[in-house]
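Structure record follows, encoded as structure tokens.
The values are calculated or read from the model by the stated rules, or taken from the named source; none is laboratory data. Remember, it's a predicted structure, so these values are computed and weren't measured experimentally. Because the Cβ atoms are built from the backbone with ideal geometry, glycine has one as well, and the counts that use them run over all protein chains shown. All accessible areas refer to the heavy atoms of the entire protein, side chains included, with ligands and DNA or RNA removed. Shrake-Rupley method; radii C 1.70, N 1.55, O 1.52, S 1.80 Å.
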Amino acid sequence: MTLFRILLRICILLALCNSNGFSQDLLNYANSLKYATFLFETKQYQGSAIEFERVVFLAPNDTSAKLQLIKSYRYSGNYTKAKNRLENIFPENINSLPTDFAKEYVKILLHDYQYDNLTYFLKVNQYLSFSDAIGYQYGSLIMQNKWHEAKIFKDKNINKLSQFNVFASLKEIEKKGLNDKYKNPLLASGMSALIPGTGKLYTNQWKDAIYTFLFISAASYITYKSYENNGFSNNTIIFGSIAVSFYLANIYGTHKSAKRYNQRINHNYTHKAEEILLNN
Amino acid sequence: MKKYCCNYLKFPFLLICFVFFPNQTKSNSIDNIIAFGDSLFNNGNYIPALHEYKRANFFADSSYKLGTVSRIANTYFSLADYKNARIYYDSSSHYSGDENIKLDYYFQKIVCYMSEGDYATALLRLEQKPNITSEFYITKKNLYNGICYFGLGQYDSAYLHLKKSIPENDTSKLIRLKEQFEEHKKLNRPNENIAIMLSIVLPGAGQIYAGDVKNSLNSMLLVGGILYVGVFAPSISYYLTLPFFYRYYIGGLSHAKQIAIDKKLRKKQDFYLNLDLFDQASSDSLYLKKFFSISEHKTNYSKYLEESNTELKLLLTLSFLFYKEFISSQDVNACVFQPSCSIYMMEAVEKKGVFVGFLDGIDRLLRCHSLVSKKDYLYNSKTESYYDPL
């Protein structure tokens, strides 16, 4: 009996020493979590999302895995899936998400530019800290390029906002946005109507301005010469039509150019603020 | 005593259960994952298969590594991700103890270079493997060398190596190869430089030499027409037509060159497909046959005609299509934007109406010049053009 017990203990010891125990079912919770964490840490987010799905399926109460799952979807750029999954995990009330999930939801809404939904969520969610809620609201105003509103909001909530992690960076953008000079599309078009090309110069498109000026001047000169030599001949009509078409198109294009200039500035600020908020 | 015997008999059973069974469980699990990956791979679901193989590879011990890594390499190869395939074929070679299997992966790596069209590197890598003794691999090496030289346009060297890849007793095949390569000089014709020279002397002549009559007539009529207007129309037209004459004349030269090059590539493709070489390496023949194949790409513009719901829009669309087919096609590659100005104009007319769309299209023409920079628009290095959608 004693010998048998000794042998039995040796067997158990061997089994325990063997790292490939029964737990080595590669699709079980522990291994799936191990592999999912490896994929997440090596930034293979598409793969980690699939693995965390398995982990969440095997352990529905693992909150940390659920958070990693949402993050995996978000980091892999699949925001729609991240949002749907979040709504699926918390089906009762999306507005009462716990802190970490609430932050993920805020980032998804910011990425989708759903500012109204974001404002409402920040108001009703009880788990986000006040400074975070105020900070994200301030960030969303900057992303919308509402500079004056953002400034008023900041002055009103300066004490709480200063506790927000990325407040300093956001404040810097707000300051730049407020002082940046936008172009007036009507003024630009008016300038192009007076002297072709000057409107594009005003919108900082000096290369287009030179090209436009030379082309319309040349077309007008040829029309004038043709009229001078031949009166209202076919040539005059053809060259005249070309000159008028390009002149009108330039006025239209300058209006568009000014709008595009403003859009580019706004897009730049929106992108910067988004990057700061999503990496927070 | 019986009780003791019974207990002693239990020992081997327990030993099996506790010591060997866990390993067996793991093996089964990896086997199952690999089997599932294989079934996905065989059905062409390469991305999910890759995920399964990588999962198995993460947990695999050294006895499984070769199987998982080589499967990952094959999956990347099937996905045409040759860079990753090469990395994993290298790993497969590392995990394999058998010299022949190592050589298989080595050659597979060479195929990756060849699939990328990098015949020079493939050739270099083949030269770096001199100690091959097996008849099978020597034949394979000669075949690959021959294909690489063929790819580089060195047809004499290609013939010498391909000849060596055919068994000496297979005289009919050798004769056929010799006959085929006797005509290899045809592969260097039409010469693009001759096509250019002919087009310099007479616009459109280079295109005729390269065998494209339609383009030749198009070029002759367009350049001739502009020349006629410049010479015989009122004096002012001379200055106006000069830049157009220059563009379409130079455009004709570059088109003559391109037509000649395309014709040579098509000849090369047909020549290669007619070579009766792939029996020796039948497992490779599937992808070896794909080399030098040209993909024909033609944009379908009929949707613009279908979307033109008024007579005026139809007229404008037809004139833009005419411009695209017979005028823009003869021009130098001048449009710096993507989509091109004519497509932009058609889309603008379609979306914004005739008047505003027309103005928008003309404005695009004013913005389309060589001074455009990356500061103003997103640059696509593949198409070498700036992205400016409607």
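General remarks:
- When B:ILE87, B:ILE72, B:ILE47 are checked against the criterion of being modelled with pLDDT of 90 or more and surrounded by fewer than 15 Cβ atoms within 10 Å (Cβ to Cβ), a single residue qualifies: B:ILE47.
- Failed item in (1) under 30 Å from A:ALA219 (Cα atoms); (2) open to solvent by 30 Å² or more (accessible area, probe 1.4 Å); (3) not in a loop (DSSP other than H, G, I, E, B), with A:SER189 passing the rest: (2)
- Filter result (in contact with a strand residue (DSSP E or B) (Cβ under 7 Å, 6 or more places away or on another chain), aromatic (Phe, Trp, Tyr) and open to solvent by less than 80 Å² (accessible area, probe 1.4 Å)) within segment B:345-387: B:TYR377, B:TYR386
- Any hit, segment B:280-298, residues being of a type in the set (A, V, I, L, M), modelled with pLDDT of 85 or more, open to solvent by 40 Å² or more (accessible area, probe 1.4 Å) and farther than 21 Å from B:GLU192 by Cα: no
- Taking (1) surrounded by fewer than 13 Cβ atoms within 10 Å (Cβ to Cβ); (2) at the interface with another protein chain (Cβ under 9 Å from one of its Cβ atoms); (3) at pLDDT 90 or above in turn, B:LYS54 satisfies each apart from (1).
- Checking each residue in segment A:163-180 for being touching a residue at least 12 places away in the same chain (Cβ under 8 Å) and not hydrophobic (A, V, I, L, M, F, W, C) picks out A:GLN163, A:ASN165, A:SER169, A:LYS171, A:GLU174, A:LYS176, A:GLY177, A:ASP180.
- Hits in segment A:192-217 (condition: in a helix (DSSP H, G or I), open to solvent by 50 Å² or more (accessible area, probe 1.4 Å) and without any contact (Cβ under 8 Å) to a residue 24 or more places away in the chain): A:LEU194, A:LEU201, A:TRP206, A:ILE210, A:TYR211, A:PHE213, A:LEU214
- Selected residue (criterion: surrounded by the fewest Cβ atoms within 10 Å (Cβ to Cβ)) from residues of segment A:228-240 that are part of a helix (DSSP H, G or I) and more than 11 Å from every other protein chain (Cβ to nearest Cβ): A:ILE237
- Within segment A:23-71, being aliphatic (A, V, I, L, M), within 16 Å of B:PHE58 (Cα to Cα), more than 9 Å from chain B (Cβ to nearest Cβ) and within 29 Å of the chain's Cα centre (by Cα) holds for one residue alone: A:ALA36.
- Checked against (1) assigned to a helix (DSSP H, G or I); (2) open to solvent by 70 Å² or more (accessible area, probe 1.4 Å), A:ALA30 passes all but condition (2).
- Residue in segment B:279-297 that is farther than 30 Å from B:PHE107 by Cβ and not assigned by TED's automatic domain parsing to the domain that holds B:GLY224 present: yes
- Residue count for segment A:128-150, restricted to those that are more than 22 Å from A:ARG264 (Cβ to Cβ) and open to solvent by 70 Å² or more (accessible area, probe 1.4 Å): 1.
- Unmet requirement for B:ASP388, which otherwise passes all of (1) within 30 Å of the chain's Cα centre (by Cα); (2) touching a residue at least 40 places away in the same chain (Cβ under 8 Å); (3) away from chain A (no Cβ under 11 Å): (3)
- Any hit, segment B:331-346, residues being part of a helix (DSSP H, G or I), within 30 Å of the chain's Cα centre (by Cα) and more than 14 Å from chain A (Cβ to nearest Cβ): yes
- As a summary of the residue check, B:ASP31 satisfies the conditions (1) modelled with pLDDT under 90; (2) on the phi > 0 side of the Ramachandran plot except for the one numbered (2).
- Scope segment B:204-235; condition within 14 Å of another protein chain (Cβ to nearest Cβ) and touching a Ser or Thr at 6+ places or on another chain (Cβ under 7 Å); matching residues: B:VAL229, B:GLY230
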